[in-house]
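Have a look at the structure below before the remarks.
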Number of protein chains: 2
Amino acid sequence: MVVSGQDIHVVAGVITAIGPTSAQSLTGDVDAAGLMAMPGFINSHTHAAMTLLRGAVEDVAVESWFNDHIWPIEVNVTADDVQLGTELACAEMIQAGVTSFADHYFHADRAAAAVINSGLRANLGMTFFSSQGPAGLETSASFAADWNDAAGGRITTSLAPHATYTCDDADLSSAAEAARTLGVRVHLHAAETVEQTESSLAARGITPIQVLADTGVLDAGVLIAHGCGIVPDDLALLAPFADRIGVAHCPKTYMKLATNPLTPIDELRSAGIAVGLGTDGPASCNSIDLFENMRLTALAQKFIHRDATRLGVSQALAMAGPESARAIGSSAGRLAVGAPADIILVDLSGLHCQPLHNPLAALVYSARASDVQTTIVDGIPLMVDRELLTVDAAELSARVAARAPQLLDHDPTQSIQTYAP
Amino acid sequence: MVVSGQDIHVVAGVITAIGPTSAQSLTGDVDAAGLMAMPGFINSHTHAAMTLLRGAVEDVAVESWFNDHIWPIEVNVTADDVQLGTELACAEMIQAGVTSFADHYFHADRAAAAVINSGLRANLGMTFFSSQGPAGLETSASFAADWNDAAGGRITTSLAPHATYTCDDADLSSAAEAARTLGVRVHLHAAETVEQTESSLAARGITPIQVLADTGVLDAGVLIAHGCGIVPDDLALLAPFADRIGVAHCPKTYMKLATNPLTPIDELRSAGIAVGLGTDGPASCNSIDLFENMRLTALAQKFIHRDATRLGVSQALAMAGPESARAIGSSAGRLAVGAPADIILVDLSGLHCQPLHNPLAALVYSARASDVQTTIVDGIPLMVDRELLTVDAAELSARVAARAPQLLDHDPTQSIQTYAP
């Protein structure tokens with residue numbers, strides 16, 4: 001629904017009223033004349049710091065992508081790099097109208113520092129593998145405990161085992177238990193591809209989703225990244241926990257890495273599971289842009305189901321906002337009284353959006369991230385008229401340019417992990 | 001290949017030299033410091049004037065899209081509308097770095113007027129149906145004769161029967177004959193979907209491509225829009241005419257209208273046929289953006305073939321430039337001495353492109369149409385630093401906004417044609 005001539009009133013980071021535009025000017029007003037106000041996009045799964053690897057590895061199969069390139073390169077990634085890469089990602093997200101994101105990466109405390117400085121909202125998880133020994137889980141759990149509700153509530157946390165194929169059942173059970181104790185959720189990769197599901201069935205006789213059920217992860221509440229390998233039998237396992245489960249759909253990465261089929265969006269939604277939109281990490285998706293992933297989601301669903309009526313304009317927008325919020329357990333994603341004031345103003349006056357027969361269709365099929373003029377999080381403007389207010393873009397670019405080439409100079413015999421799901 | 005620190009010298013619309021940057025400043029210089037110069041994108045198939053219907057019809061199946069919506073609405077489209085809609089499309093293309101396009105629409109003389117004013121390069125065809133009687137073909141042929149090589153060569157023409165299912169064999173033969181006489185090609189829709197091929201086989205025992213062979217259209221030279229229904233047997237028919245045949249691949253439209261499968265790109269290329277990239281008309285694709293269609297082409301090929309090594313970064317760029325040029329029979333699409341000076345300058349310094357590990361990957365997977373800073377056609381700057389030099393955007397938007405709603409107020413009992421391929 002699009003309504004014209006409205007003011008949005010914000011007090012202490014919360015929307016307190018929405019009503020007809022008044023001539024009265026108040027301190028702190030942001031001028032939205034001629035712009036469309038909408039809830040900020042919510043990026044339900046990313047590895048923000050991997051901006052530093054954007055474009056470094058192209059046109060290779062997923063096993064080689066991990067084993068020959070990304071995981072060996074990540075041996076080089078330091079805590080400083082995580083803060084730097086996350087700063088870059090946050091700036092890019094502010095420019096693209098993303099107001100909150102769910103992140104899964106190492107050195108999450110340094111990602112938190114970047115989030116605090118940027119002004120964005122984020123759910124952060126400290127990635128761990130069981131190959132790290134007990135320290136992995138402990139670090140992830142202590143991060144989740146120490147940082148939950150930090151930055152005035154802008155930062156929340158998750159327990160972040162990497163995946164069902166890189167963390168053993170004991171660690172998954174412990175992560176679930178820690179999440180329950182802290183009142184947070186688990187965020188992990190599971191059933192990323194149908195091959196992973198088949199591999200799990202062959203090795204253990206159960207699907208990755210059954211692993212999550214058996215280890216108490218579903219009961220704790222979980223954000224499942226990708227879930228492209230979720231099979232019909234899994235839905236009955238997921239449905240009882242629909243109030244605390246979300247799945248992040250990141251179509252650009254799937255298409256680029258050729259992990260066909262896609263997340264079974266309709267089946268999950270029919271089971272009551274929130275399916276949000278994510279970008280995945282910029283090493284695979286190359287841009288942290290939910291306009292792009294929203295559009296791809298609609299296009300790909302129509303295409304693979306050979307049905308142009310599938311996943312209409314309104315549903316695409318819902319997935320990028322309220323559904324993504326529900327998927328990550330956030331109350332944002334709505335322009336409504338009581339909701340967090342995470343608001344973007346989009347300029348639909350560009351020639352590429354004219355004529356404006358259908359503003360919602362313009363958002364889904366014509367608009368670009370560069371059409372976002374203003375990004376507000378927690379009632380605080382982070383970008384106005386495309387001017388970043390919390391980031392010095394030139395200084396940040398210079399730091400990134402100085403560090404990035406060094407990261408690629410890696411030892412091919414070293415790796416943080418082996419991809420053998 | 002990316003080379004730094006070069007000057008491109010242009011005389012009378014042609015690139016005369018490319019060499020190391022000189023400190024010498026010449027009259028008419030365009031400053032490209034810090035920007036990537038590349039050949040302008042070539043849009044190998046569109047219906048430019050249909051910008052006026054952008055977003056008017058969403059989320060409906062292709063038969064309904066034509067029969068219940070677009071073709072009834074097009075009864076309202078006047079010659080003035082065609083000029084207006086093409087003006088809008090030209091402005092949008094200049095902003096998106098498209099320097100030439102192949103257009104297929106009614107009132108093509110008025111599209112030509114828009115092209116002349118905009119400064120773009122175009123191959124224009126006057127659409128006709130056999131249901132128009134002899135006047136359809138005659139108008140298309142006389143347009144092709146009168147306007148070929150107009151505007152100092154910026155405008156070339158094609159004979160433009162609508163499709164194999166809306167034009168009879170006699171008209172196709174006559175169009176081919178007229179094209180041969182004029183030394184131009186035919187531009188038409190053929191084998192748009194596999195259903196069309198099946199329907200042709202059922203009704204006539206031959207494929208749409210066989211129809212083109214039998215009517216002399218292949219021999220005359222032809223730009224085939226879409227060709228998603230081209231089957232293996234068709235390739236042997238096409239191959240002997242590879243020097244004069246191109247196919248336009250427009251993935252956003254196919255995915256949106258769910259016309260799966262896609263153009264068989266690899267099979268056509270193996271047969272020596274140029275496969276270019278197009279946007280199709282903005283009523284289906286919503287934006288005239290080859291960054292988007294280039295990216296979708298690469299993503300979709302990897303995805304449908306379940307092979308992340310398919311259609312790499314260099315091939316995607318080639319399809320958007322030199323392959324598109326070859327598909328439409330143009331000598332543009334290259335930064336080379338002797339080529340038309342159709343050049344764009346792209347800013348890859350945006351945060352969404354940092355770090356710049358791989359500039360070509362940045363173009364394919366990170367950059368946006370809004371990153372194009374400067375667009376030059378025939379040596380003449382049409383946009384510099386994103387300022388349009390041949391179009392008054394505000395005045396144009398106002399004219400579009402005034403007219404567009406009236407177009408949708410149509411009589412549902414009237415239609416320009418019935419879609420029953």
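The values are calculated or read from the model by the stated rules, or taken from the named source; none is laboratory data. All values derive from a computational prediction rather than experimental measurement. Every residue, glycine among them, receives a Cβ derived from its backbone with ideal geometry; neighbour counts consider all protein chains shown.
Observations on the model:
- If you go through the range B:261-293 and keep only what is part of a helix (DSSP H, G or I), hydroxyl-bearing (Ser, Thr, Tyr) and at the interface with chain A (Cβ under 10 Å from one of its Cβ atoms), you end up with just B:Ser284.
- The set of residues in the range A:406-421 being over 30 Å from A:Glu198 (Cβ atoms) and within 26 Å of the chain's Cα centre (by Cα) consists of A:Leu407, A:Leu408.
- The set of residues in the range A:1-37 that are among the hydroxyl-bearing types (Ser, Thr, Tyr) and assigned to a strand (DSSP E or B) contains only A:Thr16.
- Of all the listed residues (B:Glu63, B:Glu87, B:Glu92), the sole one being within 14 Å of chain A (Cβ to nearest Cβ), farther than 23 Å from B:Arg403 by Cβ and in contact (Cβ under 8 Å) with a residue 12 or more places away in the chain is B:Glu63.
- The single residue among A:Ser314, A:Ser349, A:Ser324 that is in contact (Cβ under 8 Å) with a residue 40 or more places away in the chain and under 13 Å from the mean Cα position of the chain (by Cα) turns out to be A:Ser324.
This table checks each residue for (1) within 25 Å of B:Ile416 (Cα to Cα); (2) touching a Ser or Thr at 6+ places or on another chain (Cβ under 8 Å); (3) aromatic (Phe, Trp, Tyr).
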| site | (1), (2), (3) |
| --- | --- |
| B:Glu92 | no, yes, no |
| B:Asp103 | yes, yes, no |
| B:Ala112 | yes, no, no |
| B:Gly125 | yes, yes, no |
| B:Ala144 | yes, yes, no |
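- For the range A:354-368, the tally of residues that are under 23 Å from the mean Cα position of the chain (by Cα), in a helix (DSSP H, G or I) and more than 7 Å from chain B (Cβ to nearest Cβ) stands at 3.
- Looking only at the range B:225-260, and only at residues there that are charged (D, E, K, R) and touching a residue at least 40 places away in the same chain (Cβ under 8 Å), the one that is nearest to the other protein chains (Cβ to nearest Cβ): B:Lys252
- Identity of the residue in the range A:370-388, outside any strand (DSSP E or B) and more than 7 Å from chain B (Cβ to nearest Cβ), that ends up nearest to A:Met36 (Cα to Cα): A:Asp371
- Residue count for the range B:315-353 under the criterion of being among the acidic types (Asp, Glu), surrounded by 20 or more Cβ atoms within 10 Å (Cβ to Cβ) and outside any helix (DSSP H, G or I): the result is 1.
- Residues of the range B:38-73 classified as more than 30 Å from B:Arg334 (Cβ to Cβ), outside any helix (DSSP H, G or I) and among the β-branched types (Val, Ile, Thr), total: 2
- Options B:Pro322, B:Pro355, B:Pro359, B:Pro381: the member that is modelled with pLDDT of 95 or more, in contact with a Lys or Arg (Cβ under 6 Å, 6 or more places away or on another chain) and not hydrophobic (A, V, I, L, M, F, W, C): B:Pro322
- Hits in the range A:35-54 (condition: out of contact with any strand residue (DSSP E or B) (no Cβ under 9 Å at 6 or more places or on another chain) and over 23 Å from A:Ala327 (Cβ atoms)): A:Leu52, A:Leu53, A:Arg54
- The range A:389-398, residues that are within 23 Å of the chain's Cα centre (by Cα) and part of a loop (DSSP other than H, G, I, E, B): A:Leu389, A:Thr390, A:Val391
- Residues that are within 7 Å of another protein chain (Cβ to nearest Cβ) and either under 21 Å from A:Ser370 (Cβ atoms) or not small (Gly, Ala, Ser) (or both), drawn from the range B:306-326: B:Arg306, B:Asp307, B:Thr309, B:Val313
- Residue in the range B:323-337 that is in contact with a Phe, Trp or Tyr (Cβ under 8 Å, 6 or more places away or on another chain) and under 26 Å from B:Lys256 (Cβ atoms) present: yes
- Scanning the range A:390-406 for residues that are more than 8 Å from chain B (Cβ to nearest Cβ) and of a type outside the set (D, E, K, R) turns up A:Thr390, A:Val391, A:Ala394, A:Ala398, A:Ala402, A:Gln406.
- Consider the range B:177-191 and keep the residues that are among the aliphatic types (A, V, I, L, M) and closer than 19 Å to B:Ser330 by Cα. The one that is nearest to the chain's Cα centre (by Cα) is B:Leu188.
- A Cβ distance below 6 Å, combined with a sequence gap of six or more or placement on separate chains, defines the contacts here; from the range B:43-56, residues that are within 16 Å of B:Ser100 (Cβ to Cβ) and more than 11 Å from every other protein chain (Cβ to nearest Cβ) reach residues that are part of a strand (DSSP E or B) and among the hydroxyl-bearing types (Ser, Thr, Tyr) in the pairs B:His47/B:Tyr105.
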